[in-house]
Amino acid sequence: MEQKKNHSRRTFIRNTAGAVAAFTIVPRHVLGRGYLAPSDQLTKAVIGTGEMGRNHFAYGGTRVVAICDVDRGHLQQAKEMLDSGVKTFDDYREVIQLPEVDIVHIATPPHWHGLIAAHAAAAGKDIWCEKPMTRTIGEGKRVIEAIQQYGRIFRLNTWFRFEDNFYGLNTPVKPVKKLVNSGLLGWPLKVTVGKTTGFDWKFNWTGKTNLPVMPVPADLNYDRWLGPAPYKPYHPHRVHQTFRGYWDYDGGGLGDMGQHYLDPVQYILGKDNTSPVSVEIDAPQQHPDAVGTWRRITYTYEDGCQIILDGEGTDEKAAYIEGPLGKLYPGFKSDIPDLEKKLAIYPEPLPQLTDFTAAVRQRKQFALNEMNGHRSCTLVNMAKIALQLGRSLQFDPVKQVFIYDDGANELIDPPMRAPWNLY
Amino acid sequence: MKKILLIILTCTGLPAKAQTLPVTGLEAKILALAAKLRPVGQGDNTSLQYTLSGYAYGVTDANKEEMRKTASRAFCKALPIVKGPENKAFIISLLQICGDSKAVPALKLYLSSKRLCDPATRALVQINSPGAKVALLAALKKATGNNRITLIAALGEMHYLGALDEITALTASNDPLIKRTALLALANIGDEDSEPILAAAAEKSQFNTDSTQATAAYILYTKRLALNWPIGPAAAASEKLLKKSHSPYIRSAALELLVQTRSAEAIFILMKAVDDTVPQYRAAAFQLAGRNITGDNAEQWVRKAELSEGAVKAGVITMLGVSKQTAGARLIKNSLSDKDPRVKLAAINAVGALGNVEMVPALLYTMKTADTVSVNAIRDVLLSIRGVDVVDRITASMPFQPPLAQAALKEVLAIRNPTEQTIR
C-alpha cells in the first residue's frame, strides 16, 4: 500500500517537474507580472531524505538543487522524485559549500541538527530546520551564536504559532493568544497539554533494551549516521523510523511532538525570551539508552505560570488554559459567558513574518526563528535531562544552567564523538 | 533481586536502608552487579543497566558527594572486570556522568584502544581535571589513526595550554583531517602566539569557508581571544578578518567580533557598516545594531536616519521600531509621508512595533494616498494597536478615505468591535 502511494507521488512530482520545465522556455513577460522564473527562485539543499526530508521538497517558493543522505537507498529513492539535474551527496559538508544553494533544509535525526545548522550558517546559508531544534541545550545556544554571528535567517519546521488548527484544541493559536493578551483569564495561567486537551504524546516512540548486534546494511554509512553520537553496535531499531526511542538521538514522543505542542504555548504565554525556573517529573526510572514513558511533567515559570504535560491523560476535567478568572477548553469553549463578544474589543496580536522566502529575501527574522525556537526546544531538553537523571530540577533561565545540580549541567553540553565538534 | 531493588531505591534518592550501608559494602555490590554484565549477544543486560545507570545518575544529585565518590571508585574497579568492549564502553559512559578526578588513572588505560578511546576521552573531557588533560596529552604522543583526531579535538575543547606545542606541530600535517582538527584545537586554546599560523591558514583559504575550515578556525580563535584581557589582539584579528574577507557572512561574523572587542566605538563601527552596499552584510549590521541599541545611543541612530535615505533609512526605522525606542517616534511619524516606499512601509510597521496610539491619526492620514501594500500594512497595524479611541478615530476618518482604504478600515472595524469603550 505504501509502495503504491510512493509510486503515485513520485509519478505526480515527475509529471509536475516536467510541466515546470516546459514553462521555463516561455518568456517571462508572457507569464504575466508576479511570475517567478526558476532562475529567480531561491534554491535549497535538503539534508536527510527519509520520509521527513521528502516532505521538504514540496515546501513552496524554492527549488531543490541538491540532496544529501548517508543511506544510499534513501538518496536514490529521493532522487527519483526530483528533477534529473539535482545533485546528490553523502556528506553535508560538501552540500553546504555549494554556491548555488541559498537555503539548507535539515531533516536528519536531531543529533545532527545543531552541527549542520551551525556549520551551514558559517558557510553562509539560511536554514530551515526540522524539530526538535537541537538535541541539547548547549547545541541550541551554539546555533543561536552561529546564526547571529554570520547574519543568517533561520526557521524551525513547526508552524502552529501562526497557522493551522492547533491539534485537538481545534482552533488556531491566534485567538488563544488574543484571549491571553486580553487578561480575561487572569494571571498566572496553567496550561495542560495532554490527551484530554487534544494532544497525544506518542508513547510508541520508546526504545528497546536488549538488542542483538546486527550487520550494517550495505547502503547505510552507519558511522556517518551516528556522527557526533556515541558509537553503539548497529540494530535497525536504532535508525530511520524508530531512532526517536534512543536518548543518543532524540527523546521519544516528547522529542517528536514536544516542540510542536510547546512552542505555541511559549508564544501564547509571552515567554519567547525566557524559560521555566523548574521542571518536575513523575516518571519511572529511565534506561540509559532506551527512552521510556512518563506520567506527568510540570514546568513552572518565575511568575507562577505553569505548563503541565499530562502523559497519561488522567485529568479528564482539565482545561487547556486555566486562570484565576476563567478557563479555556478545546474548541474555544470557556466558562466565561459571552467570551467572543467580550474578546472582540481587544486588539489582535502583533502580525508575524510567516513567509520564509520573504524573510530570506528581505533579511528579516522569521516568526519562528533561532531565538524563540531555542527557548521552546529548551522545554523539551529540560524535561529530557530530568527524566534521564530521575529527579526534578531548578533552572536559571538567564544563564541557562541548572541550579545546584552539576549532574544536570553536565548533560547541557556533553562532548561529541570526534571528529565532530561545535565550537 | 532484592539487592537490585535496594540499590535502585538508594540511587533514586528515596528513603532506603541502603543509604546507611557501609561504603565498602555498597562498592562491593556495584562491582558484583557490573561483573554480571554479559557480552553483547550473550544475554539480556537490561535490568543491570537500569540499576547501574540509575545509581550513576542518582549520585550526581547535590549533597551526595560521598556516594558519587563511591560510585566513581566502584566503576573504575569494575572496568577491568566487565567482559567485552561494549560493556566497558557502558561503564565508561557512567564514569562520564559521575566520575571524578580519581577516575583518571583507570580511564587513561583505554586511550590507546580503537573502540574505547572515544568514550574514555569524552569521560575525561567531562571530568576536566589537570590530571585528565595530562593523560590526554600523553596519549596523543603515542596515538595512531582516528584516536589522534579524538585526542586533538579533546585537548582543544579543554583549552589546554600545555598541549600547544604538540598541536601546533600537527597543524603542518599532510593529513587534511589532522590539519583541520589541529587548527580548530589551536584556535580553541586561544593563545596569542598562535595568530600567525592560524592567519596564514585562513589566508590560503582567502578568508572564505571551505573544507579546510581554516577561516572557521580563525573566527573561533578571534572569539577565544575576545574572552581574554587585554582585548587588543582580538580587535586586531577581527579587523584583519573584516578587511581581508570578501564574503558577506564572514564579514558579518568579523563585524560582530569587532563590535564586541571595540565596544566603546561600536556605534560608529555599526553606522559605517549599515552604509555597506552588500544587502546581506547591511542586514546583518542592522540586526547587530538592534541588539546594541540603548536609550542613550538611540538619538544617534535617529540622526543617522535623518541623514540617510532609501534602504539605510528604512533599516534604521525598522530597527528603532523593533527595539521599541521611543526616541524614534518623531522620525517614524515624519517618515510615514516619505516618498520612498521602502521608508514609508518601514515607518508603518515601526508604528505597529511601537504600539503608539498617538500615531493613529497620522496612519489614517497616510492611508488617504497610500498604495495597496501600504493600506494593507496600515490595516494590520490598526488591528494590533491597543487604545480606547482607535475605533472612534477610524470611524471618524471613514468618510474621507478612498474606497480601497475604506474597505480595509471596515475590515478593522468588523474585528475591533465598534462598541469598544472599555478602558484597558
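The values are calculated or read from the model by the stated rules, or taken from the named source; none is laboratory data. Note that the structure is predicted; figures quoted are calculated from it, not measured. A quick note on method: Cβ atoms are made from the backbone with ideal geometry, for glycine too, and the neighbour counts reach across all protein chains shown.
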_Condition check: more than 12 Å from chain A (Cβ to nearest Cβ), among the acidic types (Asp, Glu) and within 27 Å of the chain's Cα centre (by Cα). Does B:Glu157 satisfy that?_
no
*Assuming A:Phe162 fulfils every condition listed in (1) over 25 Å from B:Ala285 (Cβ atoms); (2) in the same structural domain as A:Val46 (by TED's automatic domain parsing); (3) among the aromatic types (Phe, Trp, Tyr); (4) out of contact with any Gly (no Cβ under 6 Å at 6 or more places or on another chain) apart from one, which condition is it?*
(2)
*asked:* If I filter region B:109-152 down to residues being within 9 Å of chain A (Cβ to nearest Cβ) and of a type in the set (Val, Ile, Thr), which single residue comes out as nearest to B:Ser93 (Cα to Cα)?
replied: B:Thr121
_Restricting to region A:172-215, give me the number of residues that are over 18 Å from A:Gln306 (Cβ atoms), at pLDDT below 95 and β-branched (Val, Ile, Thr)._
3
*Go through region B:288-349 and tell me which helices (runs of 4 or more DSSP H), entirely inside it, have 2 or more residues that are over 22 Å from A:Gln362 (Cα atoms).*
B:298-306, B:329-335
*Among the residues of region B:353-368, is there at least one that is closer than 30 Å to B:Pro279 by Cβ and in contact with a Gly (Cβ under 8 Å, 6 or more places away or on another chain)?*
yes
*Just need a number here: residues in region A:410-420 that are out of contact with any Pro (no Cβ under 6 Å at 6 or more places or on another chain), within 9 Å of another protein chain (Cβ to nearest Cβ) and in contact (Cβ under 8 Å) with a residue 60 or more places away in the chain.*
2
*List every residue pair whose Cβ atoms sit under 7 Å apart, with the two residues 6 or more apart in sequence or on different chains, where the first one lies in region B:233-257 and is touching a residue at least 24 places away in the same chain (Cβ under 8 Å) and away from every other protein chain (no Cβ under 12 Å) and the second, anywhere, is among the aromatic types (Phe, Trp, Tyr) and outside any helix (DSSP H, G or I).*
B:Lys244/B:Phe207
*Can you confirm whether region A:89-101 contains a residue that is in contact (Cβ under 8 Å) with a residue 60 or more places away in the chain, within 21 Å of A:Lys364 (Cα to Cα), within 12 Å of chain B (Cβ to nearest Cβ) and out of contact with any Gly (no Cβ under 6 Å at 6 or more places or on another chain)?*
no
*If only one of A:Pro276, A:Pro228, A:Pro215 is within 14 Å of chain B (Cβ to nearest Cβ), part of a loop (DSSP other than H, G, I, E, B) and either buried (at least 19 other Cβ atoms within 10 Å of the Cβ) or touching a strand residue (DSSP E or B) at 6+ places or on another chain (Cβ under 6 Å) (or both), which one is it?*
A:Pro228
*Of the residues A:Gly373, A:Gly407, A:Gly311, A:Gly323, which is within 14 Å of another protein chain (Cβ to nearest Cβ), buried (at least 17 other Cβ atoms within 10 Å of the Cβ) and touching a Phe, Trp or Tyr at 6+ places or on another chain (Cβ under 9 Å)?*
A:Gly407
*Among the residues of region B:160-190, how many are more than 9 Å from every other protein chain (Cβ to nearest Cβ), of a type in the set (Gly, Ala, Ser), more than 18 Å from B:Asn128 (Cα to Cα) and crowded, with 24+ Cβ neighbours inside 10 Å?*
1
*Determine, yes or no, whether A:Asn210 is polar (S, T, N, Q), part of a loop (DSSP other than H, G, I, E, B) and over 19 Å from the mean Cα position of the chain (by Cα).*
yes
*What is the residue count in region B:196-217 for residues that are surrounded by 23 or more Cβ atoms within 10 Å (Cβ to Cβ) and closer than 12 Å to B:Lys244 by Cα?*
3
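This table checks each residue for (1) within 14 Å of another protein chain (Cβ to nearest Cβ); (2) within 24 Å of B:Lys114 (Cα to Cα); (3) touching a Phe, Trp or Tyr at 6+ places or on another chain (Cβ under 8 Å); (4) modelled with pLDDT of 90 or more.
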{"position": "B:Gly25", "(1), (2), (3), (4)": "no, no, no, no"}
{"position": "B:Ala32", "(1), (2), (3), (4)": "no, no, no, yes"}
{"position": "B:Ser47", "(1), (2), (3), (4)": "yes, no, no, yes"}
{"position": "B:Thr51", "(1), (2), (3), (4)": "yes, no, no, yes"}
{"position": "B:Ser72", "(1), (2), (3), (4)": "yes, yes, no, yes"}
{"position": "B:Gly84", "(1), (2), (3), (4)": "yes, yes, no, yes"}
*Looking only at region A:320-334, count how many residues are of a type outside the set (Lys, Arg) and assigned to a strand (DSSP E or B).*
7
*Please work out if B:Gln325 is more than 10 Å from chain A (Cβ to nearest Cβ), polar (S, T, N, Q) and in contact with a Lys or Arg (Cβ under 8 Å, 6 or more places away or on another chain).*
no
*Exactly one of (1) at the interface with chain B (Cβ under 9 Å from one of its Cβ atoms); (2) surrounded by fewer than 23 Cβ atoms within 10 Å (Cβ to Cβ); (3) farther than 29 Å from B:Val278 by Cα; (4) over 22 Å from the mean Cα position of the chain (by Cα) is unmet by A:Ser392. Its number?*
(1)
*Of everything in region B:251-278 that's in a helix (DSSP H, G or I) and out of contact with any helix residue (DSSP H, G or I) (no Cβ under 7 Å at 6 or more places or on another chain), which residue is surrounded by the fewest Cβ atoms within 10 Å (Cβ to Cβ)?*
B:Ala264
_Here is a list: B:Ala285, B:Ala289. Which entry is closer than 20 Å to B:Lys240 by Cα and either in contact (Cβ under 8 Å) with a residue 60 or more places away in the chain or not hydroxyl-bearing (Ser, Thr, Tyr) (or both)?_
B:Ala285
_Among (1) surrounded by 19 or more Cβ atoms within 10 Å (Cβ to Cβ); (2) at pLDDT 95 or above, there is one condition B:Ile293 misses while meeting the rest; what is its number?_
(2)
*Single residue of A:Thr171, A:Thr196 found to be surrounded by fewer than 24 Cβ atoms within 10 Å (Cβ to Cβ), more than 14 Å from chain B (Cβ to nearest Cβ), part of a helix (DSSP H, G or I) and among the β-branched types (Val, Ile, Thr)*: A:Thr196
*Would you check if there is a residue in region B:221-229 being farther than 23 Å from A:Gln97 by Cα, in contact (Cβ under 8 Å) with a residue 12 or more places away in the chain and more than 14 Å from chain A (Cβ to nearest Cβ)?*
yes
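Here's the yes/no breakdown for (1) more than 14 Å from chain A (Cβ to nearest Cβ); (2) surrounded by 13 or more Cβ atoms within 10 Å (Cβ to Cβ); (3) in contact with a helix residue (DSSP H, G or I) (Cβ under 9 Å, 6 or more places away or on another chain):
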site: B:Arg342; (1), (2), (3): no, yes, yes
site: B:Gly355; (1), (2), (3): no, yes, yes
site: B:Pro361; (1), (2), (3): yes, yes, yes
site: B:Lys368; (1), (2), (3): yes, no, yes
site: B:Val388; (1), (2), (3): no, yes, yes
site: B:Pro399; (1), (2), (3): yes, no, yes
site: B:Leu413; (1), (2), (3): no, yes, yes
*Count of residues meeting criterion [within 13 Å of another protein chain (Cβ to nearest Cβ), of a type in the set (A, V, I, L, M, F, W, C) and in a helix (DSSP H, G or I)] in region A:102-125*: 5
_Given (1) under 18 Å from A:Met133 (Cα atoms); (2) crowded, with 16+ Cβ neighbours inside 10 Å, identify the lone condition not met by A:His74._
(1)
